[in-house]
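The values are calculated or read from the model by the stated rules, or taken from the named source; none is laboratory data. Note that the coordinates shown come from a computational prediction; the quantities given were computed from them, not determined experimentally. Cβ: placed from backbone, ideal geometry, glycine included. Neighbour counts: every protein chain shown. To get the accessible areas, we keep the full protein, side chains included, count just its heavy atoms, and leave off ligands, DNA and RNA. Shrake-Rupley method; radii C 1.70, N 1.55, O 1.52, S 1.80 Å.
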Amino acid sequence: RRQRVLPLGVLLVAWEAAWGQLRYSVPEEMPKGSFVGNVASDLGLQLPALRGRSVRIIDRGKTHYFALHGQTGHLVTAERIDREQLCESVERCVLRCELIVEEEMKVYEIDVEIMDINDNSPSFREAETELRMSETTAPGSRFPLAEAHDPDLRQNSLQSYDLNGDEHFSLAVQTGPGGDQRPELVLAKALDREEAAFHELVLKASDGGHPARTGTVRIRVTVLDANDNAPVFSQAEYTVRVPEDVPVGSTLVTVTATDPDEGVNGQVKYSLKKITEKASKILQLDSETGAITLLGNLDFEDGDCYELELQAHDGGGLFDGAKFRITVADVNDNAPELTVSSALSEISEDAPSGTVVALLHVHDRDSGANGEVRCSLEESLPFRLESPQGSYYRVVTARELDREQQSEYNVTVRAADGGRPALQSSTVLALRVLDVNDNAPVFEQERYSARLSENNAAGALVLSVRATDADWVLNVSASDADSGTNAHITYGFGKMPAKVLQKFVVDAETGMITLQEPLDFEDTNAFSLPVEARDGGGLVAHCEVEVEVLDVNDNAPEI
């Protein structure tokens with residue numbers, strides 16, 4: 001149906017990085033992978049960061065039209081883009097995506113304007129049409145003709161009409177309120193059915209492209225005997241407002257037109273004079289009854305208003321026109337979409353208040369109050385929500401964390417819209433708290449005492465000391481290495497004479513104090529041993545061990 005012309009290059013119109021935004025433009029129908037803009041250069045991003053995948057492009061639509069080239073930092077097309085398919089009659093077609101720099105927790109909006117090219121020819125809904133005229137029709141009478149449609153813009157859109165036929169007809173083009181051209185067939189010379197029962201005409205529509213594209217429709221004029229009454233609609237315009245969840249098959253309105261003529265000249269049938277392609281897939285007109293029924297599901301988010309131009313014609317070819325307008329009311333049928341754009345899986349317990357642990361995006365396709373979304377957290381958790389821009393939320397710490405009180409958090413973020421009843425969605429952030437060495441070891445006793453007979457052999461147990469550290473985590477695994485190091489305690493003696501150190505030894509892991517050599521009551525009958533407990537982070541605790549040596553009868557009298 002259409003012939004696509006691909007330009008040789010891409011015209012970069014403008015970009016700007018103020019307030020976290022970039023703007024580019026690219027012609028439609030460019031091949032996949034075509035250059036759009038140098039995002040890395042425009043934002044001052046380093047290519048190693050791109051290759052490390054800490055920078056990515058997010059499209060919120062159903063189709064991803066753009067991608068980030070990891071080697072060059074260029075924004076390129078991920079799909080062939082058809083402006084007319086995306087934007088239909090919208091004058092300025094802009095696609096939006098977002099670039100997220102995860103390491104910096106930054107979001108940049110990117111607007112890409114899709115520029116029109118002359119890739120569509122003017123076209124009529126039907127290749128042939130028939131007009132029925134009474135032979136008594138007065139010269140100068142005008143008959144509206146089918147309008148051509150060209151989805152291209154400005155000079156590339158529809159510009160002119162031409163009529164090829166015979167001397168009985170000429171062409172007049174009226175300009176509508178919106179600037180659209182409306183062709184009319186003008187009867188230039190009286191008709192005579194006995195002289196000619198049919199007239200064959202060709203209406204050509206041209207656009208302003210270089211070269212121009214054209215489309216044609218064949219018009220067959222059938223000359224009828226006299227019919228002096230035209231049908232008349234009961235209303236010039238029919239309007240109806242329905243909710244978007246109205247069932248398929250429902251009758252939205254029944255239009256009526258009456259004709260006082262008798263027989264075939266008074267039999268009225270209905271037709272659509274003008275309807276968009278989207279509306280033709282949703283609405284259907286019964287040519288006999290005038291009932292307009294629903295063919296497909298309405299969706300306020302895809303279209304909130306449809307307009308049709310109706311025609312009622314009798315068996316003699318006379319007709320009347322009317323308009324039908326349907327307004328779609330929004331229903332709260334879309335739950336909020338809550339997306340985790342970036343999140344931490346673990347955090348140190350000494351992280352300052354206000355540390356960002358997650359970046360979330362919320363979106364609700366409904367409108368008005370139904371599309372207003374609020375996010376919340378459980379008040380008992382040491383976290384809070386911040387909304388620095390638009391539809392993004394940050395989860396930050398509300399105070400310092402304490403791993404010894406709670407080592408893991410499952411943070412549930414809930415999003416609810418303003419509908420009645422409200423629709424909700426939620427996501428869970430799993431966060432593990434890493435240990436820091438904020439607890440020193442503590443001995444079970446500040447002072448220990450033991451009584452030991454002299455002459456005990458080397459290796460004899462004096463006593464065992466024991467200290468605990470609140471940083472300790474039971475069943476320490478490889479992933480808990482930091483916590484295990486902080487809680488690991490080693491034992492040793494403090495400063496004391498070398499003579500005493502020769503007699504006692506303490507096991508660094510168990511805290512067991514044993515003899516290195518036998519004690520002699522007659523030499524020393526008591527010892528005071530300073531003992532230290534040191535954790536993996538260098539924090540130290542102290543205690544004193546008092547050892548009393550008991551005398552045994554190991555010396556004979558001396559004379």
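Summary of values
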item	result
Matching residues in the stretch 184-214 - criterion: being in a strand (DSSP E or B) and either in contact with an Asp or Glu (Cβ under 7 Å, 6 or more places away or on another chain) or open to solvent by 10 Å² or more (accessible area, probe 1.4 Å) (or both)	Glu184, Val186, Phe198, His199, Glu200, Val202, Lys204, Ser206, Asp207, Thr214
Tabulated pairs, the stretch 431-450, first under 18 Å from Arg534 (Cβ atoms) and open to solvent by 30 Å² or more (accessible area, probe 1.4 Å), second assigned to a strand (DSSP E or B) and hydrophobic (A, V, I, L, M, F, W, C), C-beta under 8 angstrom, 6+ apart or interchain	Ala440/Val540; Ala440/Ala541; Val442/Ala467; Val442/Ala541; Glu444/Ala467; Gln445/Cys543; Glu446/Cys543
Matching residues in the stretch 235-250 - criterion: being open to solvent by 80 Å² or more (accessible area, probe 1.4 Å) and among the polar types (S, T, N, Q)	Gln235, Thr239
Candidate set: the stretch 315-333, residues that are touching a Leu at 6+ places or on another chain (Cβ under 7 Å) and under 30 Å from His361 (Cβ atoms); chosen: the one most open to solvent (accessible area, probe 1.4 Å)	Asn332
Residues of the stretch 283-314 satisfying the condition of being hydrophobic (A, V, I, L, M, F, W, C), open to solvent by 20 Å² or more (accessible area, probe 1.4 Å) and in a loop (DSSP other than H, G, I, E, B)	Leu295, Phe300
Any helices (runs of 4 or more DSSP H) falling wholly within the stretch 1-116 and containing at least 2 residues that are modelled with pLDDT of 75 or more and at negative phi	39-43, 83-87
Test: residue in the stretch 186-194 that is over 18 Å from Glu128 (Cα atoms) and within 45 Å of the chain's Cα centre (by Cα)	no
Test: residue in the stretch 521-528 that is open to solvent by 60 Å² or more (accessible area, probe 1.4 Å), over 18 Å from Val462 (Cα atoms) and touching a strand residue (DSSP E or B) at 6+ places or on another chain (Cβ under 6 Å)	no
Close pairs from the stretch 455-470: first more than 30 Å from Leu434 (Cβ to Cβ), partner open to solvent by 60 Å² or more (accessible area, probe 1.4 Å) and not in a loop (DSSP other than H, G, I, E, B), Cβ under 6 Å, at least 6 apart	Ser464/Met512
Selection count where residues are open to solvent by less than 50 Å² (accessible area, probe 1.4 Å) and in contact with a helix residue (DSSP H, G or I) (Cβ under 9 Å, 6 or more places away or on another chain), scope the stretch 481-520	1
Residue check, Arg132 assigned by the TED database to the domain that holds Lys62 and not polar (S, T, N, Q)	no
Residues being farther than 20 Å from Phe521 by Cβ and open to solvent by 30 Å² or more (accessible area, probe 1.4 Å) - total across the stretch 451-472	5
Failed item in (1) at pLDDT 80 or above; (2) more than 19 Å from Val433 (Cβ to Cβ); (3) surrounded by fewer than 16 Cβ atoms within 10 Å (Cβ to Cβ); (4) not small (Gly, Ala, Ser), with Asn370 passing the rest	(3)
Whichever residue in the stretch 374-388 is open to solvent by 30 Å² or more (accessible area, probe 1.4 Å) and in contact (Cβ under 8 Å) with a residue 24 or more places away in the chain and, among such residues, is farthest from Ser407 (Cα to Cα)	Arg374
Filtered residue count, the stretch 144-162, keeping only those that are surrounded by fewer than 18 Cβ atoms within 10 Å (Cβ to Cβ) and part of a strand (DSSP E or B)	4
Candidates Glu79, Glu84 - the one that is open to solvent by 40 Å² or more (accessible area, probe 1.4 Å) and not aliphatic (A, V, I, L, M)	Glu79
In the stretch 396-421, residue surrounded by the fewest Cβ atoms within 10 Å (Cβ to Cβ) [restricted to those that are aliphatic (A, V, I, L, M) and touching a residue at least 60 places away in the same chain (Cβ under 8 Å)]	Ala416
Pick from the stretch 215-234, criterion outside any strand (DSSP E or B) and over 48 Å from the mean Cα position of the chain (by Cα), ranking: surrounded by the most Cβ atoms within 10 Å (Cβ to Cβ)	Pro231
Strands (runs of 3 or more DSSP E) lying entirely in the stretch 381-427 (those with 3 or more residues that are under 16 Å from Pro352 (Cα atoms) and out of contact with any His (no Cβ under 7 Å at 6 or more places or on another chain))	383-389, 392-397
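Results for (1) touching a residue at least 40 places away in the same chain (Cβ under 8 Å); (2) assigned by the TED database to the domain that holds Asn486; (3) assigned to a loop (DSSP other than H, G, I, E, B); (4) more than 28 Å from Glu301 (Cα to Cα), shown as yes or no for each residue.
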| position | (1), (2), (3), (4) |
| --- | --- |
| Gly316 | yes, no, yes, yes |
| Asp320 | yes, no, no, yes |
| Arg325 | yes, no, no, no |
| Ser341 | yes, no, no, no |
| Ile347 | yes, no, no, yes |
| Gly354 | yes, no, yes, yes |
| Ala358 | yes, no, no, yes |
| Val362 | yes, no, no, no |
| Asp366 | yes, no, yes, no |
